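I have placed the structure first, in the form of C-alpha cells, so that the comments after it can refer back to it.
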C-alpha cells in the first residue's frame, strides 16, 4: 500500500499527516514554529515531524511515495524553490532539495492556500469539480484557482494572489504596499481596523467587553459572539466586508467562470453563516451573468486538514 506525507508549514505551527492513497489520515503531528531562528532550525523541526509521523504510523519509509509541503508564501513550483515567505524564515532556503536528499523520495511544494484548495477539490467542498476558486479570509486573505482540474500557477508560481487584487483604487493601505487590496478591506485585520475607527467616531459596541477590554487584536470567535448578540458596529463592519467579497466574487466569476467559489479561513469558519448569504446575494444579482450563472458559493469542509490533504495530493499528481 502507498502512503504520503502532507505538511502544513505555518508561521505559528508546523502540522503534518501520514495519509493513505485514498486520503485517510492515519496519524498526525503538530508543533509550534520556533521564533527568531535560522532556517536550518525550522528544517530540523520539519524533519523531526516527518520522522514522528512515520514511526507513529508504523509504516516503513519504502512505502511512502513522497512528501507534499504547503508553505505560506510564493513558491516557484517549476523549480521547487521558495521565492518569498514573509511570516517564516524559509525564503531562499533549499527546503525541497534538503528533504529529498535526506529522505530519498519525491518532494513537492506549493503555496499553502493552493494546497488547501486542492484538498477541498479532492475530498472537500469542491469534490468532483474541475473549475473552482478559493478565497480564504483570515488574518490576511488567501486565494487559489483550479482551472480544468489543475492549479493555476502562472510563470513563477505566484499567480492567484487574490487577496491582493485591487478592488478600491483609493482604498486603505495594505501590508503589501498597495492600496485597496481585497485583504485591506475584508481580512480580520481590516475588520479590526474598521471597528476601531467606528469606536473612535463614537459608535457604541460590546467588542471591548467581549475581548478583555482590548481592540488591537480581535479573534474571529469574538466577532462571532458579537454578531450573535446583534452588535450594530460589528454587523455593519462585517456586512461591508461581505459585500466587498460578494462584488469580488462577481469579478472572479466574469474572469474564470468557475463552478463554485469556496470560502474558508478563520473569519469564514466563525462568521460564515452571516457572511456567505451576503456574498451569494451579490453574486446572484449580477446582471451580466444572471441568465446563465451556475457558480455556487460554498463553505470549505476540511478545515485545518485542507492543506495537509492537499499537500499529500500534490505528490500523487504527475
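The values are calculated or read from the model by the stated rules, or taken from the named source; none is laboratory data. Note that the structure is a prediction, hence the values are computed from the model and not measured. Here the Cβ positions follow ideal geometry from the backbone for every residue, glycine too, while neighbour counts run over all protein chains shown.
Candidates 197, 173, 185: the one that is at pLDDT 95 or above, out of contact with any strand residue (DSSP E or B) (no Cβ under 7 Å at 6 or more places or on another chain), farther than 15 Å from residue 68 by Cβ and loosely packed, with under 15 Cβ neighbours inside 10 Å is 197. Within the bounds of the range 288-296, is there any residue that is in contact with a strand residue (DSSP E or B) (Cβ under 8 Å, 6 or more places away or on another chain), crowded, with 18+ Cβ neighbours inside 10 Å, within 21 Å of residue 116 (Cα to Cα) and in contact (Cβ under 8 Å) with a residue 24 or more places away in the chain? So far as the range 288-296 goes, yes, one or more of its residues are in contact with a strand residue (DSSP E or B) (Cβ under 8 Å, 6 or more places away or on another chain), crowded, with 18+ Cβ neighbours inside 10 Å, within 21 Å of residue 116 (Cα to Cα) and in contact (Cβ under 8 Å) with a residue 24 or more places away in the chain. None of 234, 222 is within 21 Å of the chain's Cα centre (by Cα), at pLDDT 95 or above and in the same structural domain as residue 135 (by TED's automatic domain parsing) except 222.
Residues of the range 297-306 that are touching a helix residue (DSSP H, G or I) at 6+ places or on another chain (Cβ under 6 Å) and touching a residue at least 60 places away in the same chain (Cβ under 8 Å): 299, 300, 302, 306. Residue count for the range 126-143 satisfying the condition of being farther than 26 Å from residue 218 by Cβ and surrounded by 24 or more Cβ atoms within 10 Å (Cβ to Cβ): 3.
Run down 255, 248 and say which single residue is part of a helix (DSSP H, G or I) and surrounded by 15 or more Cβ atoms within 10 Å (Cβ to Cβ).
Details: 255 fails: surrounded by 15 or more Cβ atoms within 10 Å (Cβ to Cβ).
Just a single option satisfies the conditions, and that option is 248.
Scan the range 8-56 for residues that are in contact with a strand residue (DSSP E or B) (Cβ under 6 Å, 6 or more places away or on another chain) and assigned to a loop (DSSP other than H, G, I, E, B) and the total you get is 1.
Note on the range 31-44: residues that are surrounded by 13 or more Cβ atoms within 10 Å (Cβ to Cβ) and closer than 21 Å to residue 306 by Cα total 2. Within the range 61-73, can one find any residue that is within 16 Å of residue 99 (Cβ to Cβ), out of contact with any helix residue (DSSP H, G or I) (no Cβ under 9 Å at 6 or more places or on another chain) and part of a helix (DSSP H, G or I)? Taking every residue of the range 61-73 in turn, none turns out to be within 16 Å of residue 99 (Cβ to Cβ), out of contact with any helix residue (DSSP H, G or I) (no Cβ under 9 Å at 6 or more places or on another chain) and part of a helix (DSSP H, G or I).
Checking the condition in contact with a helix residue (DSSP H, G or I) (Cβ under 6 Å, 6 or more places away or on another chain), surrounded by 15 or more Cβ atoms within 10 Å (Cβ to Cβ) and outside the structural domain of residue 183 (by TED's automatic domain parsing), which residue from 283, 309 passes?
Details: 283 fails: outside the structural domain of residue 183 (by TED's automatic domain parsing).
Within the list 283, 309, the selection yields 309.
Please tell me if residue 88 is under 22 Å from the mean Cα position of the chain (by Cα) and either surrounded by fewer than 19 Cβ atoms within 10 Å (Cβ to Cβ) or in the same structural domain as residue 312 (by TED's automatic domain parsing) (or both). Against the criterion (under 22 Å from the mean Cα position of the chain (by Cα) and either surrounded by fewer than 19 Cβ atoms within 10 Å (Cβ to Cβ) or in the same structural domain as residue 312 (by TED's automatic domain parsing) (or both)), residue 88 qualifies.
Considering the range 74-94 alone, what residues qualify as being touching a residue at least 60 places away in the same chain (Cβ under 8 Å) and either over 23 Å from residue 33 (Cβ atoms) or part of a helix (DSSP H, G or I) (or both)? 78 - this is the single residue of the range 74-94 that is touching a residue at least 60 places away in the same chain (Cβ under 8 Å) and either over 23 Å from residue 33 (Cβ atoms) or part of a helix (DSSP H, G or I) (or both).
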